[in-house]
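Here is the structure we will look at.
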Amino acid sequence: MADALSEGDILEAVARHTGRPGRGAQLRRAGADITRLPLLDLRIVRCVETRATRPESRPGTYDTSRRPEYEGELRDHPVDPPKDPTVSRTVEFVLRGSVRTVPCGCDDGRQPCSRCRAKGRLRCDIGPVCPACEGVEPCTWCDGTGERRKDRSPSGSPREKPAAGRTACEKCRKPRTACPECRGWGAKRCPKCDDTGYRVCPVCSGERSTEHGPCDGTGLVTLWTAGSVGQAPEQASLKLPEPAPPLRFRQQAGRTGAWERVTLSSAGDPLPDGLDPAHLKAVESALTQCRGEVARRVDIGWLQSAAVTVPDDPDHVFYVFPGREGPEVLAIWSRRRSLRVAAVVAGVVLLVLLVVALV
């Protein structure tokens, strides 16, 4: 555990950092100002438990013996908290005496086929168009209708004479008038229904009914009242002081600072003695037990540090903190110097813009 830095330790560390070892007391007389900056890093993981009941069902005769049982109200049933509050888990229970297997209400495990409406067959789409006549003139006599075309005269015409290469039409029976590929149909024979216009339903295979899903075709359903106990981690953190000191200082202190740390595992654990009194109220508020909390892990780290300003060096603030091998110092530009540099940069940018505008 690191010892708290005294004012003498702090000023002497700044003196060594500025090339004046042994002159810490001189800095005090010169009006050096010390502002204590105790750092706090608190991280808490709470395991929060939720409970719920619901009706549950499974098809057929279902074995629930592997699930633990509870009696009465689920909220009163004891469940051990997790050993590791960062791990989620869910425990499923069954209300004792609630398990029963009942008839499903279907027709012995079957239900009417919804695809064919219990007919066992479906109307078939027309087969592919004939590649030879493309369905335009499958028969020069009936055009695939089975009856003589209305624009034909009884006496006939050269167009109505049988054409070479034609065959007998299967619809109107006229010889040598039909396309040899489709024989007057205008389409190839349908491979699905063999031109009957109907095909077997692919869902029920013509049986007109299918297996009832809710009971898996058993005709039975197992019902019970289920209870779920879920345990899930919720994370929170607290970093002090606020507003936070410069990022460079926080990063350096996090890497090389001699932090004091402790881990608490329950809401009743006492807070460590080394915490700064200014932080106690915020820490106690952050550690208030929340609703449903059954386990926790709290990691607390704290580091005593200070910010020092020296009258003869107004451009820097010296941040001092205990390191692993003694006090460490990090010099960071003061607000005064940062504003001055920002003003210079803004002036240069403005000058460049004016030059560009004139050119």
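The values are calculated or read from the model by the stated rules, or taken from the named source; none is laboratory data. If you're wondering where the values come from, they're calculated on a predicted model, not measured in any experiment. Here Cβ is always computed from backbone atoms with ideal geometry, including for glycine, and neighbour counts include all displayed protein chains.
What the table shows:
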item	result
Tally of residues being modelled with pLDDT of 95 or more and either among the charged types (D, E, K, R) or in contact with a Cys (Cβ under 7 Å, 6 or more places away or on another chain) (or both) across segment 90-115	3
Subset of segment 252-275 [assigned to a helix (DSSP H, G or I), among the polar types (S, T, N, Q) and more than 15 Å from residue 38 (Cα to Cα)]	256
For residue 35: the one exception among (1) over 30 Å from residue 243 (Cβ atoms); (2) part of a strand (DSSP E or B)	(1)
Residue within segment 208-220 that is part of a helix (DSSP H, G or I), at pLDDT 90 or above and crowded, with 19+ Cβ neighbours inside 10 Å present	yes
Scope segment 86-136; condition out of contact with any strand residue (DSSP E or B) (no Cβ under 8 Å at 6 or more places or on another chain), surrounded by 16 or more Cβ atoms within 10 Å (Cβ to Cβ) and within 30 Å of residue 168 (Cβ to Cβ); matching residues	133
Options 278, 295; residue that is in a strand (DSSP E or B) and either of a type in the set (Gly, Ala, Ser) or farther than 26 Å from residue 84 by Cβ (or both)	295
Qualifying residue in segment 41-50 (condition: surrounded by 13 or more Cβ atoms within 10 Å (Cβ to Cβ) and farther than 30 Å from residue 244 by Cβ)	yes
Residue ID - surrounded by the most Cβ atoms within 10 Å (Cβ to Cβ), chosen from residues in segment 58-85 that are in contact with a Leu (Cβ under 8 Å, 6 or more places away or on another chain) and among the charged types (D, E, K, R)	69
Lone qualifier among 284, 328 - being of a type in the set (Asp, Glu) and surrounded by fewer than 16 Cβ atoms within 10 Å (Cβ to Cβ)	284
Selection within segment 3-40 - hydrophobic (A, V, I, L, M, F, W, C), touching a residue at least 60 places away in the same chain (Cβ under 8 Å) and surrounded by 18 or more Cβ atoms within 10 Å (Cβ to Cβ)	5, 10, 11, 13, 14, 27, 32, 34, 37, 39, 40
Criterion (out of contact with any Phe, Trp or Tyr (no Cβ under 7 Å at 6 or more places or on another chain), of a type in the set (Val, Ile, Thr) and either more than 30 Å from residue 236 (Cα to Cα) or modelled with pLDDT under 95 (or both)) met by exactly one of 34, 44	34
Selected residue (only one of 11, 42 is among the hydrophobic types (A, V, I, L, M, F, W, C), assigned to a strand (DSSP E or B) and either farther than 30 Å from residue 266 by Cα or touching a Lys or Arg at 6+ places or on another chain (Cβ under 9 Å) (or both))	42
Residue list for segment 300-349, restricted to those being farther than 19 Å from residue 32 by Cα, free of Cβ contacts under 8 Å to residues at least 60 places away in the same chain and hydrophobic (A, V, I, L, M, F, W, C)	339, 341, 342, 343, 344, 345, 346, 348, 349
Residue pairs meeting the criteria (Cβ under 8 Å; at least 6 apart or on separate chains; first under 26 Å from residue 95 (Cα atoms), in segment 225-243; second surrounded by 15 or more Cβ atoms within 10 Å (Cβ to Cβ) and among the aromatic types (Phe, Trp, Tyr))	226/93; 227/70; 227/93; 228/93; 229/93
